[in-house]
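Here's the structure we're looking at; comments come further down.
The values are calculated or read from the model by the stated rules, or taken from the named source; none is laboratory data. Since the structure is predicted, the reported quantities are computational estimates derived from the model, not experimental observations. Every residue, glycine as well, gets a Cβ built from its backbone with ideal geometry; the counts of neighbours run over all protein chains shown.
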Amino acid sequence: MPPEDSFFQQVNLNFDRAAQFTDYPPGLLEQVKICNSVCHMTFPLERDDGEIEVIHAWRAEHSHHKQPTKGGVRYSTLVNEDEVIALAALMTYKCTIVDVPFGGAKGGVQIDTKNYSTAELERITRRYTYELIQKNFIGPGIDVPAPDYGTGEREMAWIADTYKSFTPDKLEGLACVTGKPMELGGIQGRTAATGRGVYFGIREACGFSEDMKVLGLTPGLEGKSVVIQGFGNVGYHSAKFLEEGGAVIVGLADMTGAIYNPKGLGVEEVFEHRTEKDSLLDFPGATNLPSLTDILEQECDILIPAALENQITGENASRIKAKIIAEAANGPTTPEGDEILRAKGVWVIPDVYLNAGGVTISYFEWLKNLSHVRFGQLERRFEENRDRNLLKAMEDVSGQQFSKTERDRLAHGATEEDLVEAALEETMVTAYDEIRRESKALGEAADLRTAAMVLAIHKIAGSYIQLGIFP
Ligand code: NAD
């Protein structure tokens, strides 16, 4: 059943719910939630067979309270203006919640990538970038796209290359887009970042014994059963890190099918099976579920929607058995669904926080492109040599020798990947603790989503007040 409200209205319902916990004047709240700029572009694509097709595309910059704005580009037939604006708004709140200094933006091209050749996708992406340049909707200090549903490193490389070819003398041009391949100024760990952030967020949430007790769960990830809807970038990496962290992945679904095995599935084995068979179905030992949506209603401790929006609704929320819903996708739960989950006492870790890993690492990529220095490049050898000298001094004093393994472990300068992973962990853990504290401070009525939105409103409204625009 389609939700009654548009996606942006749904985001605003969450905003309004949180705004009740603040006392800002209505005009200021309106300024925080309104979308500042949106651009609808149409352009012709010459298909490989010579036919001309008109392509519809959008870019929305939801909030200019911080610049540049930042957000992914989505390729899907479901893309429309409302969706792009809603996703841009979620980006604003997300960046604010994890203290990444960007306003929110989002882009989309209304195509099904399966229907286009690689050459056609390249033409679409380069023309879309050209349109963004013409309309001043892209640039290192203006608006910085990134991958989202249906796009990846390849598209980001095309965007960077097109931008550079139109602005050849711009020293910081590569910072116009993030999620690029390493060879083109990308950063270690970006591809896995959102899934890794999802893992850190769930691990932190499961670490509070008093919260787990309320849910009838033991603290920690070990042995927790997890079902994941979506086995793309975010779904796969979330599954991988959670499994490594001790959780048991019991259900997985993508567009090719849904499978369930209460004893556990084995993430890499499922990945290989799908690569070989082009389908998740018929994985050894697992049951094929009759329909894709059945995945949401399976027995598990943690359900992770990691596909698209509007999956948990007023229609199916009452049948969900999970005790924790960890929103890796953007907007997977409608407000009607959310209300039912709240009434059932389900703990929802909200999208505006949980999938912020991608934008956090994108921020580091942007900084790296602006500074033209790889993280760790300046200090890594220095740190390693200093540690080795220290160990040598300890050996001289004690008369005992460290083994080679011990020496390599203790004398280790941080690589870019080490630094980025540690910074992501710090960001996700700190933000979760802040949201949890706020929800406790607000009392019974405030779930984690409301608490996260209250924090976002305070920070954005605060920046307008600092500017002297509002009293
Ligand atoms: P993706 O294209 O890599 O993967 C999407 C997956 O969802 C695919 O496996 C697809 O088959 C599956 N899927 C689609 N519809 C489905 C359905 N009805 N039932 C079951 N599976 C279905 O996309 P992604 O990058 O992993 O993004 C997934 C979600 O995470 C989106 O909501 C996106 O906005 C959000 N997100 C992504 C990132 C990122 O870094 N990629 C960052 C933040 C948020």
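For region 303-324, a tally of residues being buried (at least 22 other Cβ atoms within 10 Å of the Cβ), away from the ligand (no atom under 14 Å from the Cβ) and closer than 20 Å to residue 452 by Cα returns 1. Determine if region 220-227 includes at least one residue that is farther than 15 Å from residue 306 by Cβ and touching a residue at least 40 places away in the same chain (Cβ under 8 Å). Scanning region 220-227, I find at least one residue that is farther than 15 Å from residue 306 by Cβ and touching a residue at least 40 places away in the same chain (Cβ under 8 Å), so the answer is yes. Reported count of residues in region 225-260, each being part of a loop (DSSP other than H, G, I, E, B) and more than 9 Å from the ligand (Cβ to nearest atom), is 3.
Would you confirm whether or not region 40-61 contains a residue that is farther than 30 Å from residue 158 by Cα and surrounded by fewer than 18 Cβ atoms within 10 Å (Cβ to Cβ)? Write out each step before concluding.
Our first condition is that a residue be farther than 30 Å from residue 158 by Cα; within region 40-61, this holds for none.
No, that holds for no residue.
Against the list (1) assigned to a loop (DSSP other than H, G, I, E, B); (2) closer than 28 Å to residue 95 by Cα, the condition residue 401 fails is (2). With respect to the conditions (1) crowded, with 24+ Cβ neighbours inside 10 Å; (2) within 12 Å of the ligand (Cβ to nearest atom); (3) under 22 Å from residue 79 (Cα atoms), residue 334 falls short on a single one, namely (2).
For region 4-19, state whether one or more residues are hydroxyl-bearing (Ser, Thr, Tyr) and under 23 Å from the mean Cα position of the chain (by Cα). Yes, because at least one residue in region 4-19 is hydroxyl-bearing (Ser, Thr, Tyr) and under 23 Å from the mean Cα position of the chain (by Cα). Among the criteria (1) crowded, with 24+ Cβ neighbours inside 10 Å; (2) within 15 Å of the ligand (Cβ to nearest atom); (3) at pLDDT 95 or above, the one residue 160 does not fulfil is (2). Residue 382 meets the conditions (1) touching a residue at least 24 places away in the same chain (Cβ under 8 Å); (2) surrounded by 13 or more Cβ atoms within 10 Å (Cβ to Cβ); (3) farther than 30 Å from residue 194 by Cβ in every case but one. The failed one is (2).
Here residue 155 fulfils each of the conditions (1) crowded, with 21+ Cβ neighbours inside 10 Å; (2) away from the ligand (no atom under 15 Å from the Cβ); (3) of a type in the set (D, E, K, R); (4) not assigned by TED's automatic domain parsing to the domain that holds residue 295 apart from (2). Got at least one residue in region 264-275 being within 23 Å of residue 330 (Cα to Cα) and within 10 Å of the ligand (Cβ to nearest atom)? No, the conditions are met nowhere in region 264-275. Residue check: is residue 368 away from the ligand (no atom under 16 Å from the Cβ), among the basic types (Lys, Arg) and either part of a loop (DSSP other than H, G, I, E, B) or buried (at least 16 other Cβ atoms within 10 Å of the Cβ) (or both)? So residue 368 fits the description; yes.
Of all residues in region 196-224 being of a type in the set (D, E, K, R) and part of a helix (DSSP H, G or I), which is nearest to the ligand (Cβ to nearest atom)? Checking each candidate, the answer is 196.
Only one entry in 141, 150 is within 14 Å of the ligand (Cβ to nearest atom) and either among the aromatic types (Phe, Trp, Tyr) or outside any helix (DSSP H, G or I) (or both), namely 150. If the condition is being in a helix (DSSP H, G or I), within 30 Å of residue 53 (Cα to Cα) and either of a type in the set (Gly, Ala, Ser) or out of contact with any Leu (no Cβ under 8 Å at 6 or more places or on another chain) (or both), then region 95-116 contributes 114, 115.
Summed over region 437-458, residues that are outside any helix (DSSP H, G or I) and within 16 Å of residue 348 (Cβ to Cβ) total 4.
Here's the yes/no breakdown for (1) at pLDDT below 95; (2) farther than 24 Å from residue 193 by Cα:
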| residue | (1), (2) |
| --- | --- |
| 354 | no, no |
| 366 | no, no |
| 369 | no, no |
| 378 | yes, no |
| 394 | yes, yes |
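If I ask for residues that are touching a residue at least 24 places away in the same chain (Cβ under 8 Å) and of a type in the set (A, V, I, L, M), which ones from region 40-59 would you list? Step through it out loud before you land on a result.
Taking region 40-59 first, the residues touching a residue at least 24 places away in the same chain (Cβ under 8 Å) are 40-41, 43, 45-48, 55-59.
Once the filter is applied, which keeps residues that are touching a residue at least 24 places away in the same chain (Cβ under 8 Å) and of a type in the set (A, V, I, L, M), region 40-59 yields 41, 45, 55, 57.
Taking residue 193 as the residue in question, decide whether it is crowded, with 23+ Cβ neighbours inside 10 Å and within 10 Å of the ligand (Cβ to nearest atom). It is true that residue 193 is crowded, with 23+ Cβ neighbours inside 10 Å and within 10 Å of the ligand (Cβ to nearest atom). From the list 178, 92, the one residue that fits, being crowded, with 24+ Cβ neighbours inside 10 Å, part of a loop (DSSP other than H, G, I, E, B) and within 15 Å of the ligand (Cβ to nearest atom), is 178.
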